[in-house]
């Protein structure tokens, strides 16, 4: 009986030792999980901090003038109160004014904005947004009506950013490309010079215009040099959200590559 009692006590002690090891393992796993959570939180915090810094930096960032001596801005349609003399004072050599697309309401302030920009001494051009859902005649009619024939204006630009995915009824890619060529010819006939293609990356990925239409390119990418066209570009929209004294709204800053 006594031996049996001691054996029972021995087994009980072993069992107690075994059971006492389990919390250690669980505690280690719990500690590791806490470190993982802390690590993920730290990475997220660093990411948020970098995003905040980038947002703030982009408010004033412009490409190095030593690399790109000719710099300018795009003023969106409907903008009011742009101070073009101030735009020139902060380093702009030229400005492009966006014309409201044919599918949108007319911009009654465009003529006054064009006159004000030209009076400031800046070189001035006009951007016509291409609407893949509309016929070329309708779009060129607005451009020809709003933009004077004047050799002192910069070459006109066509903004190719909409792909036509939202057109109702559906328009085929072949029809879009055909209307685009018609519109290019119509605007060039009015302006008396070749257009510049402001080519968005999505439009280029779908239609491969850069390799089929031999016109100067205007590419778009914040901060990083664009390369999606596969050939050299003339204009680069380098910052779409520049904050300056020239306008109460953000403006699109661009440079010329010679």
note = Check: C-alpha center segment 63-81 vs C-alpha center segment 131-151, spacing in Å is 24
query = Hull surface divided by four, with the convex hull built on the Cα atoms of segment 187-258: how many nm²?
reply = 6.2
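Please report, largest first and rounded to whole Å, the three semi-axes of the ellipsoid equivalent to segment 66-256, where each semi-axis is the square root of five times an eigenvalue of the C-alpha gyration tensor.
26, 20, 15
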request  = Please state, as a whole number in µm²/s, the translational diffusion coefficient that the Stokes-Einstein equation yields for segment 216-258 at 4 °C and 1.567 mPa s, with Rh defined as the Kirkwood radius across alpha carbon pairs.
outcome  = 118
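Based on the Cα coordinates of segment 74-180, what is the per residue volume of their convex hull in Å³? If you can, show how the numbers build up before the last one.
Values: hull volume 11.6 nm³, N = 107.
In segment 74-180, the Cα convex hull volume per residue is 109 Å³.
Each reported figure results from applying straightforward, stated rules to the coordinates on display, with no laboratory input. None of the values given here were measured: they were computed from a predicted structure.
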